[in-house]
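Have a look at the structure below before the remarks.
Laboratory data are not the source of any read-out in this text; all were calculated from the coordinates shown. These numbers were taken from a predicted model, which means no experiment stands behind them. Backbone-built Cβ (ideal geometry, glycine too); neighbour counts: all protein chains shown.
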Amino acid sequence: MNDKFDILPLSAWTKAGDKPLVIAGPCSAEGEEQALETVTQIVKNCGDKVHMLRAGIWKPRTRPNSFEGVGEIGLPWVKKAALAVGLPIAIEVANPEHVEAALKAGIDVLWIGARTTVSPFNVQAIADALKGVDIPVLIKNPVNPDLELWVGAVERINAAGIKKLAIVHRGFSSYEKSIYRNPPMWEIPIELRRRFPQIPIIVDPSHMGGTRDLIYILAQQGMDMGFDGLMIESHINPDKAWSDAKQQVTPERLAEILNSIIVRQPEVNKDGFQTLHDLRARVDRIDAYIIELLCERMGLSEEIGEFKKNEHLAVHQAERWSQIVKRALEKGKNGGLTEEFILKLFQQVHNESIYHQTKVMEKK
Ligand code: PEP
Ligand code: MN
């Protein structure tokens, strides 16, 4: 396990206590009135279920000529709004100038957006600007599904001395058509949690879903996975929002969502959980068995490789492979497994098998 990060738990620097941290606010600050009215309505409807506010001041947009944020002029608007309701406010920064302006305006929390996390130069420049400053920083995942790039950004910011640090999972860009704007690819934050359990993970269902209908279900999925908080975009008049109109919810709807979310227990240490314990022990035995069987299977692949080498046969025999997949699909479907899972699993098994066979064949 890696323990090189020096990161404080969320409870040390937020008002969330032992509950998930909830961050809410508009995608963008649009005016002094809109900022104040939005946060006032959020607090009125959600009460102490919301612990932190958000509002974009500089908006990195994919295409030019769309609304790129109000800029520096908006800093006092959002700060004033936050002070009025007594909550800290987070804004996005993308370069050292943004950091400097935000610090001067007394902004409480900074976040690094997905389009900035992809660039190590930009992240490092922000980290350098933060040296010696005590301010919480949230790091969104890079737009592309690259775990190392995300971890690298955390390393850079943490190395600058920022210990009040969390990451925000907002889904990943995909060229494939999907119901999501940014598919969640939950396996990536799950792997990150496995490797670095001390990094708090906040889920942003707004940018994942891209439409307001998906916010609740994605937020619940994030909680089901035991993550530590939610960042949800909320606007007093979502349809008229200057950015991300389709995915923003009214403060009333935000309250409904937060009231419906069920928070799961992260740890199983109560009496009466013996059944779960037994079930997990069985799962562990099966997992061990799967690995043993795969090792045995790859041993056979090497023997096959040896044979093909002597007989000058090609490694990949297309017909044989279609048969294997067909049989697995039939058997798996009968057992309730999805076609997608079987295909992915067998693709991986096949890749590994080819690797073992070619290893044998390339040996002099
Ligand atoms: C945002 O939070 O409004 C935003 C631009 O998000 P992301 O960086 O995740 O795209
Ligand atoms: Mn947005």
What is the chain's relative contact order, in percent, from Cα pairs under 8 angstrom and six or more apart in sequence?
15
Which of HIS350, HIS312, HIS169 comes first, and how do the rest follow, when ranked by fewest Cβ neighbours within 10 Å?
HIS312, HIS350, HIS169
What order do you get for THR38, THR211 when you list them from fewest to most C-beta neighbours inside 10 Å?
THR211, THR38
In whole Å, how far is the Cα centre of the range 183-248 from that of the range 5-58?
14
log₁₀ I(q)/I(0) of the range 270-362 at q = 0.13 Å⁻¹, via Debye over equal Cα point scatterers, no solvent, to two decimals?
-0.59
Aspartates and glutamates with Cα under 19 Å of LYS364, excluding same-chain neighbours fewer than 8 positions away:
GLU302, GLU303, GLU306, GLU311
Given charges of +1 on the Cβ of Lys and Arg and -1 on the Cβ of Asp and Glu, with all other atoms neutral, how large is the dipole of the chain about its Cα centre, in debye to the nearest 20?
280
Helix 274-311 sits at what angle to the longest principal axis of the chain, using alpha carbons and giving 0 to 90 degrees rounded to 10?
50
Cβ-Cβ cut-off under 14 Å around GLN357, Lys and Arg +1, Asp and Glu -1: the net charge is 0
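Which pairs in the list LYS19/LYS140; LYS59/LYS240; LYS44/LYS163; LYS309/LYS331 are over 23 Å apart, alpha-carbon to alpha-carbon? Mind showing how you got there, number by number?
Details: LYS19/LYS140 21 Å; LYS59/LYS240 17 Å; LYS44/LYS163 31 Å; LYS309/LYS331 32 Å.
From LYS19/LYS140; LYS59/LYS240; LYS44/LYS163; LYS309/LYS331, over 23 Å: LYS44/LYS163; LYS309/LYS331.
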Among GLU352, GLU176, GLU187, which one moves the most in a GNM of the chain with springs linking Cα atoms closer than 10 Å?
GLU352
Enter the angle in degrees (range 0 to 90, nearest 10) between the Cα long axis of helix 339-362 and the first principal axis of the Cα atoms of the chain, meaning the one along which they spread out most.
60
Amide H contacts under 5 Å for HIS169, restricted to residues at least 5 apart in sequence or on another chain and with H modeled in the peptide plane, are ILE202, VAL203, ASP204
Where only C-alpha atoms are counted, convex hull volume of the range 105-213 per residue in Å³:
108
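Roughly speaking, what is the stretch gain from ALA318 to GLU148, that is 0.36 nm per residue apart minus the C-alpha to C-alpha distance, in nm to one decimal? Kindly include the intermediate steps, with their values, before the conclusion.
Working: separation 170, 0.36 × 170 = 61.20 nm, distance 3.48 nm.
Difference between extended and current length: 57.7 nm.
Can you compute the helix-only [θ] at 222 nm over the chain? Use -39500 (n - 2.57) per DSSP H run of at least 4 residues, normalise by all residues, nearest 500 deg cm²/dmol.
Working: 13 runs with 176 residues, N = 364.
The helix-only estimate for the chain comes to -15500 deg cm²/dmol at 222 nm.
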Sort out for me the Cα centre separation of the range 280-353 from the range 109-149, rounded to whole Å.
41
Helix 147-159 vs. the chain, principal-axis angle (Cα, 0 to 90°, nearest 10)
40
Take every Cα pair under 8 Å in the range 30-140 that's 6+ residues apart, average their separations, divide by the length, and report that relative contact order as a whole percent.
24
Order of LEU279, LEU329, LEU218, LEU192 under a 10 Å beta carbon neighbour criterion, fewest first:
LEU279, LEU329, LEU192, LEU218
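Determine Rg/Rh for the range 177-309; Rg is computed over alpha-carbon atoms and Rh is the Kirkwood hydrodynamic estimate from the same atoms.
Working: Rg = 21.6 Å, Rh = 18.4 Å.
Rg/Rh for the range 177-309 comes to 1.18.
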Considering the Cα positions of the range 38-148, please state its Rg to one decimal place and its Dmax as a whole number of Å.
14.5, 41
What is the pair-distance distribution P(r) of the chain, computed from all Cα-Cα distances in 10 Å bins starting at 0, with each bin given as a whole percent?
5, 20, 28, 20, 13, 10, 4, 1, 0
Cβ under 11 Å from ILE57's Cβ, ILE57 left aside: what net charge do those residues give with Lys, Arg +1 and Asp, Glu -1?
-1
